[in-house]
Amino acid sequence: MNGFIFNFKKMAIKILSAALSGIEAEIIEIEATAGGGDFGQITIVGLPDTSVSEAKERVRSALLNGGLEFPKRKITVNLAPAEIRKSGPIYDLPIAISILSLKYKFNFDFSTCLIAGELSLTGEVRKIRGAVSMAIKARERGLKYLFLPFENAKETSLIKELLIFPVNTLRELIDHLNKKTLIIPCKSQVFYFKNKITIDFSDIKGQEKAKRALEIAIAGGHNILMSGPPGSGKTMLAKAAGGILPPLSEQERLEVSKIYSVANNSENVNSIQARPFRAPHHSASMAALIGGGTKFRPGEISLAHLGVLFLDEFPEFSRDALESLRQPLEEGEIVISRAAGNLKLPAKFILIAAMNPCPCGLNGMKGKECTCSQEKIKNYRRKISGPILDRIDLYIEVLNLNLMELDENVKRENSINIGERIKKARKIQAERLLTLSLSLNSFLTSKQIKKFCQINKAGEELIISAAKNLSFSNRSYFKILKIARTIADLDGKEIIEEKHLAEALQYRPRLE
């Protein structure tokens, strides 16, 4: 049989697909009807954009090149609900099946599956973006089967309770639905999550205080700013911090994979085993950081979700770009306002920022003369606004080492040992904050700090004395308590002691 002979039914069955809204998916119902004039014409309704409307040409060619007869009647395809805007070529495959179902009775229950895929003119099925979001939505809806392009199948293999069928061609899917030649479903994969250590802390000479500050930042989810001259090791320290991030849980990997899937990078989705480490250039625009665009893509802050966002040359980022960090640093999410509605994107990341002490970078360096005036230095530091500085928890100066320190032959702690200590501290936090649906000390409110940050008597005397002598604000006071809480967790102590507070006070931001 070269193709189907179309003796049309009035209405096709409903085929389920999905639309993307930000990084979330919504179920879309696709159905076709035949009748009227303009033989062979396909009309698509239901708020499609240009790329969806063009599906009629791709579907037409795919049917003909797949040896299937093209209908000689007018076909109307409806995408419901109509109030959701549909974009992208992901509806090609379900539209083709919906049209074929007008004539051919498939021996398959379409209410149990979701179909998505772009068609080439020859009937091949091309990869799409957002496959992970669609799979998660299908599972939530209680569906059993998911038909996706072959190139997208692997990235959804972590999602259990769904049978994922990788589709290469339209004809292959038709043969499967007819139970002629069955497609073999993907096997659910078991992933072993591990840290990706590119630079080990044991390879970095000196800078022990900076290493300790980064350990505290990663353990408690605190934001950190490093200041120091060029060549002092700030970038190397930040990259080494990526190797001490704790491994992802399966649920966290799904969250990260969903974002990368919508960003349309299947290779990255398939290889996600460690928490993200993003390091955009200081020329990055506000849109590049927060996401958006006519065809929405997640920004760097969402791509860094549950990982690290490293901003080198911090004051050199545009003012708008830096100010766009306020909401995600405070709330762990970003809301993008559009005419069609608001998109809420996850953005729980640890900010590691690095800057020079002055525009020339030589301020405070031994044997070097800074050429910057005091006014120039103040203007340089003012590029980082007060509200952004308020969201920085730890501040550390990273100075150049002398030759004696560079030549030292001292055994240094490696990233694996530091990472194990961080894992234990995070486990303590997760158990303590379980009832609050929180996981890290950095998210504690002032009310929660009073409950979970119990201090011994010597510690109370120290913090009261420091508050009087250093005249820091209420926000600084709570910030110090949260850092001290993390230090105590690293030390395995339930009560915050004087030494924990003394160390926390060392990291109080100097640029306030």
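Each value in this text was obtained by applying a stated rule to the coordinates, not by laboratory testing. Keep in mind it's a predicted model, so treat the numbers as computed, not measured. When we count neighbours, we look across all protein chains shown, and the Cβ atoms used for this are built from the backbone with ideal geometry, even at glycine.
Observations, loosely collected:
- Taking 25 Å as the straight-line reach from the Cα of residue 137, the lysines in range (excluding those fewer than 8 positions away in the same chain) are 14, 86, 127, 154, 160, 187, 258, 295, 344, 348.
- Take every Cα pair under 8 Å whose residues are at least 6 apart in sequence, average their separation, divide by the length of region 15-177, and the relative contact order is 24 percent.
- Residue-averaged 222 nm ellipticity for the chain, from DSSP H runs of 4+ at -39500 (n - 2.57), nearest 500: -10000 deg cm²/dmol
- Cross-link reach list, lysines versus residue 72, counting only Cα pairs under 17 Å and skipping chain neighbours closer than eight places: 9, 10, 56, 103
- FRET E, pair residue 80, residue 203, Förster distance 41 Å, beta-carbon r, rounded to 0.05: 0.10
- Considering only 243, 374, 23, and ranking their Cα positions along the charge dipole of the chain that arises from unit charges at the beta-carbon of Lys, Arg, Asp and Glu, the one farthest toward the positive end is 23.
- With N counted as the residues of region 15-177, its alpha-carbon radius of gyration over 2.2 N^0.38 Å works out to 0.96.
- Peptides 53-63, 383-393 ordered by average Cβ neighbours within 10 Å, highest first: 53-63, 383-393
- FRET E, pair residue 397, residue 424, Förster distance 35 Å, beta-carbon r, rounded to 0.05: 0.80
- Cα point-scatterer Debye curve for the chain, base-10 log of I(q)/I(0) at q = 0.07, 0.09 Å⁻¹: -0.50, -0.73
- In the chain, Cα pairs under 8 Å separated by at least six residues give a relative contact order of 13 percent.
- Taking packing as the residue-averaged number of other Cβ atoms within 10 angstrom, the listed peptides 71-77, 370-376 run from highest to lowest as 71-77, 370-376.
- Projecting the Cα atoms of 357, 65, 263 onto the dipole axis of the chain, where Lys and Arg carry +1 and Asp and Glu carry -1 at the beta carbon, places 65 farthest toward the positive end.
- Nearest 10 degrees, 0 to 90: helix 55-65 Cα axis against the chain principal axis: 60
- Each principal axis of the Cα atoms in region 444-512 has its own extent, and those three values, largest first, are 31, 23, 19 angstrom.
- For the listed peptides 122-134, 416-428, a ranking on the average number of other beta carbons within 10 Å per residue, highest first, reads 122-134, 416-428.
- Fully extended contour minus Cα-Cα distance, from residue 369 to residue 250, at 0.36 nm per residue: 37.6 nm
- Cross-link pairs 144/179; 209/411; 211/239; 239/499 - those with Cα-Cα distance over 19 Å: 239/499
- Bridge orientation summary for the chain: considering DSSP beta bridges with both residues in this region, about 45 percent are antiparallel.
- Restricting the calculation to Cα atoms, region 204-419 yields a radius of gyration followed by a Dmax of 18.4, 62 Å.
- Whichever aspartates and glutamates have a C-alpha closer than 15 Å to that of residue 366, once near sequence neighbours (fewer than 8 apart) are set aside: 397, 405
- Within the shell of other residues whose beta carbon sits under 12 angstrom from the beta carbon of residue 502, the net charge comes to -2, with Lys and Arg scored +1 and Asp and Glu -1.
- Applying 1/(1 + (r/R0)^6) with R0 = 30 Å to the Cβ-Cβ distance of residue 50 and residue 342 gives a FRET efficiency near 0.80.
- Using alpha-carbon coordinates, inclination of helix 415-432 to the longest axis of the chain, degrees: 80
- Degrees between helix 131-141 axis and first principal axis of the chain (Cα, 0 to 90, nearest 10): 70
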